[in-house]
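Q: My questions will all concern the structure given below.
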Number of protein chains: 2
Amino acid sequence: MPCVLRPDITEDAVGGLDSTWNAFRGRVNAALEKYVLQGTGCPSQLQAAMSYSLLAGGKRLRPVLVLLACEACGGSPEAALPAACALEMVHTYSLIHDDLPAMDDDDLRRGRPTNHKVYGEALAILAGDALLTLAFELVARDVQPPHIAAACCADLANAAGAVGMVAGQVADLEAESLTEAATVELLEGIHRRKTGRLLCSALTMGARIAQADTDTLSRLQQYGLNIGLAFQITDDLLDVRGNAEKIGKGVNKDAALGKLTYPSLLGIEASEQRATALIEAACHLLEPMGSRAQPLRDLAQFILHRDH
Amino acid sequence: MPCVLRPDITEDAVGGLDSTWNAFRGRVNAALEKYVLQGTGCPSQLQAAMSYSLLAGGKRLRPVLVLLACEACGGSPEAALPAACALEMVHTYSLIHDDLPAMDDDDLRRGRPTNHKVYGEALAILAGDALLTLAFELVARDVQPPHIAAACCADLANAAGAVGMVAGQVADLEAESLTEAATVELLEGIHRRKTGRLLCSALTMGARIAQADTDTLSRLQQYGLNIGLAFQITDDLLDVRGNAEKIGKGVNKDAALGKLTYPSLLGIEASEQRATALIEAACHLLEPMGSRAQPLRDLAQFILHRDH
């Protein structure tokens, strides 16, 4: 048995993960504030637009993962803070651009008006551009030693770019007109690129900064892909349950609306099984890492059993 | 006398610069094609949108400058090709985003429809994002040794980001409503960030790759800022002359339209003097570098006396 599943788990009761998570999230938030508010030369409106979305709170899943991965490989989480902040900046830029009228045209994000609703489209585009650029500056300048910085920059760029996250976004836009022909492979290919690759780079950057060996690096990479896909499945399942409870809308309604989801393609039960299998495989990959990797196991369990 | 000015110079007759330029431009174009067309995993529409703008031709001023700077410092231009291509990608992304309806709303660029007119706004935004991201991947992965790659990434990001090019774009948008209070300092502050910093990074990256000493690095940096500002002044002067010849429009018409230019703030003669002084200072900075820096001197002269 690679790991024991705990179906009763919630975010507030994930063993020691909760306190570690809060502590790491606090360090990430403090570092993000420092990075985005410090220095001179940034026009105040641009700085305001960047801060508005970057400092909007949230779980900080990606940056905390960088710190957890670094610690699991025996490194100091402090050393991984610049890479952690960089990853959150890339994630935030992608949300700002995704919300634009030309893309998903969203007015709200986490209950607040989206960036372009507050600052206008031009500044929202530029704030996204600036956050993406700042991410690479942080990694290149502040990750040590420099050859690890270069490797992390290459990881992050590959995960975020034309064969990674941006490719996933394009495939997602194209898939909106392809529901009829949709397959699980297509859906998984989209998620792997749209969210999975970036999650993966959290693990690889953390491991690189701890100077982990290549076997550990590739295990953590695969762990990242698995929890990323599982996260997406549970996201889809929460949507269905939430919708069913709140507005009595069934699974097939989503499919009819053209939204490609795991439940609409596989059904609820098979989706749950797929998520469980991915999390079991993720935990299995961590076995050689022993107790230091416990927070990563706890996190995998949280993803499987989260209720929000 | 730091250098002799040659008022009769044109692009076709800049001493040995013309053949060097064409050779370097050819290598840049070939490398850009390789980078943007190679590999798998990039959705074909995204690749098409990226290529459309990246392979649209042009002088390739920025990437050729990277190669010239590297050679002037005794390095191999071949070693500087990844950084050169990266810089052109950053430049191209900035043009794609600047042309968007929410920004300058341009339908034409170099006589062809702008990216979003051909591929739609969503894909244009994403193609810009992907080019910016790919730029950092190239530098981080392909520049050698890795500590130089990290330094170049940091240079490029700082020049392109929230205190560099993006800041200049924001300041430019803000200045559109500020013509009354405009000063040469404000205008120069915009150009220094909007175009000067990126030109500067061409020089610093080329010099770093040649492992130049810090004195040479800072001389080339200052040379870059000077020729960048001079380039902008001659651009403004060409606009005025072009307009005056073609449609009989005088200098003050531009100012009345809210366009902030050197001629509108300083007048034509003082603008010409300012450009000449900047180019003289740029050539003066190159003195310790001897004959290897001749193409950089020729380039400075070309900028001063260009007719297009």
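The values are calculated or read from the model by the stated rules, or taken from the named source; none is laboratory data. Predicted model only: the values in this text are computed from it and were never measured. Glycine gets a Cβ as well: all are built from the backbone with ideal geometry, and neighbour counts include every protein chain shown.
Q: Tally up the residues in segment A:167-218 that are over 29 Å from A:GLU71 (Cα atoms) and either in a helix (DSSP H, G or I) or within 14 Å of the chain's Cα centre (by Cα) (or both), please. Step through it out loud before you land on a result.
A: As a first pass, look at segment A:167-218 and keep what is over 29 Å from A:GLU71 (Cα atoms): A:167-190.
Next, from what is left, pick out any that are either in a helix (DSSP H, G or I) or within 14 Å of the chain's Cα centre (by Cα) (or both): A:167-175, A:179-181, A:184-190.
Total meeting the criteria: 19.
Q: Given the residues A:VAL143, A:VAL118, which is the only one that is modelled with pLDDT of 95 or more, more than 30 Å from A:LYS259 (Cα to Cα) and among the β-branched types (Val, Ile, Thr)? I'd like the intermediate steps shown before the answer.
A: On the way: A:VAL118 fails: more than 30 Å from A:LYS259 (Cα to Cα).
So the residue among A:VAL143, A:VAL118 that is modelled with pLDDT of 95 or more, more than 30 Å from A:LYS259 (Cα to Cα) and among the β-branched types (Val, Ile, Thr) is A:VAL143.
Q: Inspect segment A:173-186 for any residue being within 10 Å of another protein chain (Cβ to nearest Cβ) and modelled with pLDDT under 95 and give the result as yes or no. It would help to see each step written out before you state the result.
A: Narrowing segment A:173-186 to residues within 10 Å of another protein chain (Cβ to nearest Cβ): A:173-174.
Filter once more, so that each one left must be modelled with pLDDT under 95: A:173-174.
Yes: one or more hits.
Q: Being away from chain A (no Cβ under 13 Å) and touching a His at 6+ places or on another chain (Cβ under 9 Å) narrows it down to one residue among B:LEU220, B:LEU198, B:LEU203, B:LEU229; which is it?
A: Numbers: B:LEU220 fails: touching a His at 6+ places or on another chain (Cβ under 9 Å); B:LEU198 fails: away from chain A (no Cβ under 13 Å); B:LEU203 fails: touching a His at 6+ places or on another chain (Cβ under 9 Å).
Result of the check over B:LEU220, B:LEU198, B:LEU203, B:LEU229: B:LEU229.
Q: Of all residues in segment B:23-45, count the ones that are among the basic types (Lys, Arg), surrounded by 14 or more Cβ atoms within 10 Å (Cβ to Cβ) and out of contact with any helix residue (DSSP H, G or I) (no Cβ under 7 Å at 6 or more places or on another chain).
A: Going through segment B:23-45, the residues among the basic types (Lys, Arg) turn out to be B:25, B:27, B:34.
Within this subset, residues satisfying the condition of being surrounded by 14 or more Cβ atoms within 10 Å (Cβ to Cβ) are B:25, B:27.
Narrowing further to those that are out of contact with any helix residue (DSSP H, G or I) (no Cβ under 7 Å at 6 or more places or on another chain): none.
Residues flagged as among the basic types (Lys, Arg), surrounded by 14 or more Cβ atoms within 10 Å (Cβ to Cβ) and out of contact with any helix residue (DSSP H, G or I) (no Cβ under 7 Å at 6 or more places or on another chain) within segment B:23-45 amount to 0.
Q: If I ask for residues that are more than 15 Å from B:TRP21 (Cβ to Cβ) and either touching a Gly at 6+ places or on another chain (Cβ under 8 Å) or in a helix (DSSP H, G or I) (or both), which ones from segment B:61-79 would you list?
A: Narrowing segment B:61-79 to residues more than 15 Å from B:TRP21 (Cβ to Cβ): B:73-76, B:78-79.
Result: B:CYS73, B:GLY75, B:GLU78, B:ALA79.
Q: I'd like the full set of residues that are over 22 Å from A:LEU134 (Cα atoms) and basic (Lys, Arg), limited to segment B:60-103.
A: Residue satisfying the conditions is B:ARG60 alone.
Q: If you don't mind, there's one more thing I want to ask. Quick one: which residue in B:ALA171, B:ALA182 is of a type in the set (A, V, I, L, M), over 26 Å from B:PRO82 (Cβ atoms) and in contact (Cβ under 8 Å) with a residue 60 or more places away in the chain? Give the steps one after another, and end with the answer.
A: Working: B:ALA171 fails: in contact (Cβ under 8 Å) with a residue 60 or more places away in the chain.
Exactly one residue qualifies, and that residue is B:ALA182.
Q: Next question. With surrounded by fewer than 24 Cβ atoms within 10 Å (Cβ to Cβ) and away from every other protein chain (no Cβ under 14 Å) as the only criterion, which of A:ALA48, A:ALA69, A:ALA56 stands out?
A: Values: A:ALA48 fails: away from every other protein chain (no Cβ under 14 Å); A:ALA69 fails: surrounded by fewer than 24 Cβ atoms within 10 Å (Cβ to Cβ).
Answer to the check: A:ALA56.
Q: Which members of segment A:141-150 meet the condition of being part of a helix (DSSP H, G or I) and more than 7 Å from every other protein chain (Cβ to nearest Cβ)? Show your work before the answer.
A: As a first pass, look at segment A:141-150 and keep what is part of a helix (DSSP H, G or I): A:141-142, A:146-150.
The answer is A:ASP142, A:ILE148.
Q: Examine segment A:98-106 for a residue that is in a helix (DSSP H, G or I), closer than 30 Å to A:ALA150 by Cα and in contact (Cβ under 8 Å) with a residue 24 or more places away in the chain, and state whether such a residue exists. Lay out the reasoning, then the answer.
A: Of segment A:98-106, the ones in a helix (DSSP H, G or I) are A:98-99.
Subsequent filtering for residues that are closer than 30 Å to A:ALA150 by Cα retains A:98.
Narrowing further to those that are in contact (Cβ under 8 Å) with a residue 24 or more places away in the chain: A:98.
Yes, there is a match, as at least one residue in segment A:98-106 is in a helix (DSSP H, G or I), closer than 30 Å to A:ALA150 by Cα and in contact (Cβ under 8 Å) with a residue 24 or more places away in the chain.
Q: Name every residue in segment B:264-283 that is within 14 Å of B:VAL240 (Cα to Cα) and in contact with a Lys or Arg (Cβ under 8 Å, 6 or more places away or on another chain), in order of residue number.
A: Answer for segment B:264-283, where residues must be within 14 Å of B:VAL240 (Cα to Cα) and in contact with a Lys or Arg (Cβ under 8 Å, 6 or more places away or on another chain): just B:LEU266.
Q: Moving on to the next point. With the requirement that a residue be more than 7 Å from every other protein chain (Cβ to nearest Cβ) and in a loop (DSSP other than H, G, I, E, B), what does segment A:151-166 give you?
A: Result: A:GLY164, single match.
Q: Another question about this same structure. Looking only at segment A:107-116, count how many residues are in a loop (DSSP other than H, G, I, E, B) and touching a residue at least 24 places away in the same chain (Cβ under 8 Å). If you could, list the steps in order and put the result at the bottom.
A: Pass one, segment A:107-116, residues in a loop (DSSP other than H, G, I, E, B): A:107, A:110-111, A:114.
From what is left, the residues that are touching a residue at least 24 places away in the same chain (Cβ under 8 Å) are A:110.
Summing the residues that are in a loop (DSSP other than H, G, I, E, B) and touching a residue at least 24 places away in the same chain (Cβ under 8 Å) in segment A:107-116 gives 1.
Q: Follow-up. Provide a single number: the residues in segment A:117-140 that are within 10 Å of another protein chain (Cβ to nearest Cβ) and either in contact with a Pro (Cβ under 7 Å, 6 or more places away or on another chain) or free of Cβ contacts under 8 Å to residues at least 12 places away in the same chain (or both). Spell out how you get there, then give the answer.
A: Taking segment A:117-140 as the starting set, the residues that turn out to be within 10 Å of another protein chain (Cβ to nearest Cβ) are A:120-140.
Those left that are additionally either in contact with a Pro (Cβ under 7 Å, 6 or more places away or on another chain) or free of Cβ contacts under 8 Å to residues at least 12 places away in the same chain (or both): A:120-122, A:133, A:137-139.
Count: 7.
Q: I've got another one for you. Among the numbered criteria (1) away from chain A (no Cβ under 13 Å); (2) part of a loop (DSSP other than H, G, I, E, B), which single criterion is violated by B:ALA84?
A: Status for B:ALA84: all satisfied but (2).
Q: Only one residue in A:ARG141, A:ARG192 is surrounded by fewer than 23 Cβ atoms within 10 Å (Cβ to Cβ) and within 19 Å of B:LEU46 (Cα to Cα), so which one is that?
A: Details: A:ARG141 fails: within 19 Å of B:LEU46 (Cα to Cα).
After applying the criteria, what remains is A:ARG192.
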